[in-house]
Structures are given as structure tokens and as C-alpha cells.
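Here is the structure we will look at.
The values are calculated or read from the model by the stated rules, or taken from the named source; none is laboratory data. Here the structure is a predicted model, which means the values were calculated and not measured. Virtual Cβ from ideal backbone geometry, glycine too; neighbours counted across all protein chains shown.
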């Protein structure tokens, strides 16, 4: 009896040790929660007192808040192409938003080039299952479909936006039918809620396997549609569009809370890397968002178009309440995930993003990026340290020192002519090394984007 008890005790100890070793070596799960057209200022952690978003705020406070975070483009599709590949999308010709095939171009190339490997492509080799819930916007032809680009599961739509309440079996554009490869999609209730619920379902069904979940919300992208219940929460906001926007962001926050709660319920939160960001800055006039203290908006390369909220949470490895100030980019997400999953950079691939882990853990004393570069239709920009230069076709280049002028109000190009020439040359050398775009958006957008540089933007939080 004593010997049998000893063997049972030894077996239990061995099982416990093996379980602990497995837990310590278990691959992390990855969740990217991407808002669509969210204004930088419209988070209480960034100073907003108008919109209540406790779940997003908690996510930021429980991890690292990257205060100098950028996306690689000022609009949806190219920004997502960069994030999805870890490569600045202009290096493979994805400069523009997807908006129909222009004369002289081929619809077969109207999407993320098929030779580019994506996050799910690379994580699949490390044993991950990947799901996209929500917006794709990287091509609607068959060859660009998310299920052809590494994702195992897809629930959502392939275009750039969707109605929040309705879809039609034969609808197009914002009324297009939802797609799903693992069940028949139910009728839309409110699409932000539906995306949240499908994310919860994905987590529940795949909790036994390392997974990558791309929670691609379309809120608060147009059309401006909120539930009656949420609108009543913001009756104090007089501007009707702003009130609707606030209600949409509130509902986004509720569903971020659902995702985090699902991870916690299934015992996955501690070993899940959760990243929250917006795909670009808020389009101020379109959805009444606010990017203060940044100048500009979606569609242009001033800070308001490309400087976004960016939080990383990983409870077992990242202490809460941290602030990280050096520049980071959405391009860094893929290399970081790949390294944490145990993978390595594929031969012949040169990422523009970097693995952030040694920087966030302060193993490396250097910074992730000495410079970041952008090109979008009529404009190009470079940030190098505190200096940022923006180049447009109808004026002298504009130079800002962001350390003392985060709102880009004082062009100091002529006071610092050597720095202006240096950055202009560096930007030009990079620009001429890039390939031609593989598709263009309509020419009408060029003049509109140029006009956005001349508008005045609200640079302070509203009083109420």
C-alpha cells in the first residue's frame, strides 16, 4: 500500500512538472483588435471626457501604451497591407486605397499582391489557426480572398465598409452579403456586436490550439449608424454626427470588453498578446472624430492621419501601466508575432517592421526605428528622430520639430535649411527606389487630399 502510494505520488509530481514545463513553453495566442477611422483624441486615456470606453482604457493600462505609434498609410487598404505583411506596402506597389479599376490598369492586380506573405501565412507554419472577423479591404477578386491569404476562418466582408444594420443577398458595396466559411451567417443585428460575438465564438472553438485572431471592426467608419440605446447615452453632445460617432465608439468598447472577457473565461488571457490600434487617423469631416492634439486627419500625412492609438497587453510577460515613447509602427506587429511564435524571417524577405520584444522588455537600449517613411498618392513624408518633413506637389516642403511642436503648427524649413535638404534628399532617394503602383484610386482623390492640408483642425479636447 505504501509503495503504491509512493508511485502515485511520484506520478503526480512528474505530471505536475510536465504540465508546468508545457505551460512555460506554450506558444502565445495573438489577438489584433483594429478600429476603423478612430480619432486619436477620442479615448479617455488620450484626454477625452466625452466618450466612455472603460474596456479600451483598461487594456491600455494593463499593458504598454506606445505613445509614438504610427501606421504605414493614412487610409484603410494600404495601411492594412503594411500591417498584414510587415513590409511598407509601397515597396510592392500597394500605395493607394482600393476603389475600382482605373483606365489602363488590370483588375487582376486590384488587391494585396499574391506573392506577399501575410501574418496567417507565416503563423500557419508554426502551428497556428487564424481567423479574420470583420473587414478585409485587401481585394475582392478570388485570388485576394482572405481564405486564399492564410486565414483558416473568415466571417465578414471583403470591401471597405458595411451598413451596420442591413445586408442584402444580392447587395453590393455597403449592403453586400456577409461571408462565412464555417456556418451560414445570421442576419445582422448591429454589425459591431456581431463582430464581437463572432470573435468570442472563434476564441471558444479554438482555445485548445495556438491562434491568431484579427478582430477587424468597421466602427467608427461611415455610414454613421448607432443604436437608439447608445445614442441616449450621449444626448449631452449637441452635434448630431458627433453624438452618433460617440455612440459607435462606445459600442466598439463594449465589444472589446467581450473579447477580453472571453479570453479570461477560457483561461487564455495570461498567455495572449492583445494589440489594439486604429488603421489610420479619424476622418474629421466624415465621422466627426477628433485627432487632437494632432493636426490633420485620415488621408494626409500630418500626424492626425498616421499617428494612432497603439496598446500591447500580455499579462505573463508585460508589466501593467507602462508607457513606451520611442517610435513604433504597425509594421512591427508581424515580426513580433513571428518571433514570439518561434518562427524566423523567411529567406529573401526584408521586413520594414522589427520584433519589438527586446525593446519593450528593455533588453535592447537602442530604438526600434531611427526613421519612418511614407508615400501616399500626392504626398510623402519622413520622420527622423524629432524631425518630420512632409513633401507636397504645390509648395515648399514643410519641416516640423515634433518635440516642441507636436501639432505641426510651425513650419521651420527655412530656419533649418540644411536639415530640410538632408531629409528631402533621403526621402527622394527612397521614393525613386520604389516600384510603380499596381493600381490607383480615382484621380479625383488627389485634389481632395491636397485640400485637406489647408484646413484648420481642432487641436484641443471639447469642453463637454
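Kindly indicate whether any position in the range 79-98 is more than 21 Å from residue 330 (Cβ to Cβ) and assigned to a loop (DSSP other than H, G, I, E, B). There is no residue in the range 79-98 that is more than 21 Å from residue 330 (Cβ to Cβ) and assigned to a loop (DSSP other than H, G, I, E, B).
Rundown of residues vs (1) surrounded by fewer than 16 Cβ atoms within 10 Å (Cβ to Cβ); (2) touching a helix residue (DSSP H, G or I) at 6+ places or on another chain (Cβ under 7 Å), yes/no style:
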{"position": "111", "(1), (2)": "no, yes"}
{"position": "119", "(1), (2)": "no, yes"}
{"position": "125", "(1), (2)": "yes, no"}
{"position": "132", "(1), (2)": "no, yes"}
{"position": "135", "(1), (2)": "no, no"}
{"position": "140", "(1), (2)": "no, no"}
{"position": "154", "(1), (2)": "no, yes"}
{"position": "157", "(1), (2)": "no, no"}
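Please work out which one of (1) surrounded by fewer than 21 Cβ atoms within 10 Å (Cβ to Cβ); (2) modelled with pLDDT of 95 or more is the condition residue 25 fails and give its number. Unmet condition: (2).
Filtering 343, 305, 348, 353 for residues that are closer than 23 Å to residue 128 by Cα and buried (at least 20 other Cβ atoms within 10 Å of the Cβ) leaves a single hit, 353.
Of the strands (runs of 3 or more DSSP E) contained entirely in the range 346-460, those carrying at least 1 residues that are closer than 30 Å to residue 313 by Cβ fall at 371-376, 379-384, 387-391. Taken together, 282, 342, 321 contain a single residue that is under 30 Å from residue 247 (Cβ atoms) and more than 19 Å from the chain's Cα centre (by Cα), which is 321. Filtering 194, 163, 170 for residues that are surrounded by fewer than 22 Cβ atoms within 10 Å (Cβ to Cβ), assigned to a loop (DSSP other than H, G, I, E, B) and within 23 Å of the chain's Cα centre (by Cα) leaves a single hit, 163. The residues in the range 356-392 that are out of contact with any strand residue (DSSP E or B) (no Cβ under 9 Å at 6 or more places or on another chain) and surrounded by 21 or more Cβ atoms within 10 Å (Cβ to Cβ) can be counted, and the count is 2. Against the criterion of being buried (at least 22 other Cβ atoms within 10 Å of the Cβ) and out of contact with any helix residue (DSSP H, G or I) (no Cβ under 8 Å at 6 or more places or on another chain), residue 202 qualifies.
Counting the residues of the range 29-59 that are touching a helix residue (DSSP H, G or I) at 6+ places or on another chain (Cβ under 6 Å), in a helix (DSSP H, G or I) and either surrounded by fewer than 23 Cβ atoms within 10 Å (Cβ to Cβ) or at pLDDT below 95 (or both) gives 4.
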